[in-house]
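What follows is a short report on a single structure.
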Amino acid sequence: MTARLVPAADDATGRRERPLRITVDGEALDGFAGQSIAGVLLAAGRLAWRRGPSGAPRGVFCGIGVCFDCLVRVNGEPDVRACRRRARDGDTVLTQSRAGGGEEAGDEGASGSSAALPAPAEEDNSDTEDGV
Ligand code: FES
C-alpha cells in the first residue's frame, strides 16, 4: 500500500481542498478536510505510531476499524481508531503504546515520536492474536 493523496486538480469528483493542521506528539502535520487521522499520518510518511505488547510497531492494518492496530489518543480521548476518525483542524493527537505490558489508555503519549520505530519490514507479528 502506498500513502498518497490525489491532488484536487486530478480528482474526477471535483473536490476542493480545505487544509487543516493537527499535532501528533507535538509535531504539526498538515492534511485536508475529509482525511482520517491515519490518512494524515500516512501522507506525512508515518507508517507506524504505536507499539503492541511485544514492542512491535503498529499503524494501519485493516483500515476499516476492525483490528484496532491504529489506536491513538485524540483531544484527550484514549483508544481512538485513527482509521475511523476524521481529522479536524486543531486536533491534538498523542501516540499510545502497550510495549512492556503498559496500559495503552493511560500512556498519554509515553511512546513519544514514531521516529524511533524500526522499519515495518522488521515487524514482529507475534502479538496479533489479541487484536490490539
Ligand atoms: S487500522 Fe484496523 S482499526 Fe484502524
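One residue is enough: does the stretch 31-53 have a residue meeting the conditions surrounded by fewer than 13 Cβ atoms within 10 Å (Cβ to Cβ), free of Cβ contacts under 8 Å to residues at least 40 places away in the same chain, among the aliphatic types (A, V, I, L, M) and outside any loop (DSSP other than H, G, I, E, B)? For the stretch 31-53, residues surrounded by fewer than 13 Cβ atoms within 10 Å (Cβ to Cβ), free of Cβ contacts under 8 Å to residues at least 40 places away in the same chain, among the aliphatic types (A, V, I, L, M) and outside any loop (DSSP other than H, G, I, E, B): absent. For the stretch 55-75, a residue qualifies if it is surrounded by fewer than 16 Cβ atoms within 10 Å (Cβ to Cβ), at positive phi and within 6 Å of the ligand (Cβ to nearest atom), and exactly one does: G65. Residue check: S113 meets all listed conditions (1) away from the ligand (no atom under 14 Å from the Cβ); (2) at pLDDT 90 or above; (3) closer than 26 Å to P19 by Cβ; (4) not acidic (D, E) but one, namely (2).
The single condition among (1) surrounded by fewer than 21 Cβ atoms within 10 Å (Cβ to Cβ); (2) more than 16 Å from the ligand (Cβ to nearest atom); (3) at pLDDT below 85 that A105 does not satisfy is (2). The condition of being more than 16 Å from R81 (Cα to Cα), of a type in the set (D, E, K, R), surrounded by 13 or more Cβ atoms within 10 Å (Cβ to Cβ) and modelled with pLDDT under 90 holds for E17. The residues of the stretch 58-86 that are small (G, A, S) and over 9 Å from the mean Cα position of the chain (by Cα), listed by number, are G63, G65, G76.
The values are calculated or read from the model by the stated rules, or taken from the named source; none is laboratory data. Source: prediction; values computed, not measured. A quick note on method: Cβ atoms are made from the backbone with ideal geometry, for glycine too, and the neighbour counts reach across all protein chains shown.
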